[in-house]
1. Being in a helix (DSSP H, G or I) and modelled with pLDDT under 95 narrows it down to one of ALA75, ALA32, ALA51, so name that one.
2. Where the second residue is at pLDDT 75 or above and in a helix (DSSP H, G or I) and the first is surrounded by 10 or more Cβ atoms within 10 Å (Cβ to Cβ) and of a type outside the set (S, T, N, Q) and lies in the stretch 108-120, which pairs have Cβ atoms under 8 Å and are six or more apart or on separate chains?
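The values are calculated or read from the model by the stated rules, or taken from the named source; none is laboratory data. Just so it is clear, the model here is predicted, and its values are computed rather than measured. Note that we place each Cβ from the backbone using ideal geometry, even for glycine, and neighbour counts take in every protein chain shown.
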Amino acid sequence: MIRKNTLAGLALLVAGTFACDQSKAELDKTKADLQTVTTERDGLKTQLDMANGKVSSLQQQVTDLQAKAAAAAPAPAMAEAAPAAKADAKGGHHAGKGKTEKAASAPAPSPEKMKAIQEKPVAPKGAGRF
């Protein structure tokens, strides 16, 4: 009986050793993978920190340039506002509305054309007619 128990114990020891060797190899592989992933993560963190630093620097530059542009812009804006104020002072139906370049550049009809328009008015057409 002792011999059977010893033999069974020895068999379990041998089987356990083979099982441990397989799991030890798997454990070593997993540790190596973990080390690789950790190194890669640290590198990516460093790149992210550098990129965030660049973003902060560029955002500061944008803010500075916007401040400079805002400081320089009011002088020409005031010069452009003066002619508009004169036009608004005249009053009329469209007081307060600035003229667009397109409206300002349209040529005035000749006196002959104005006379022809007044003699033969065009009847309104379309769905908007009441």
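1. ALA75
2. PRO109/ILE117
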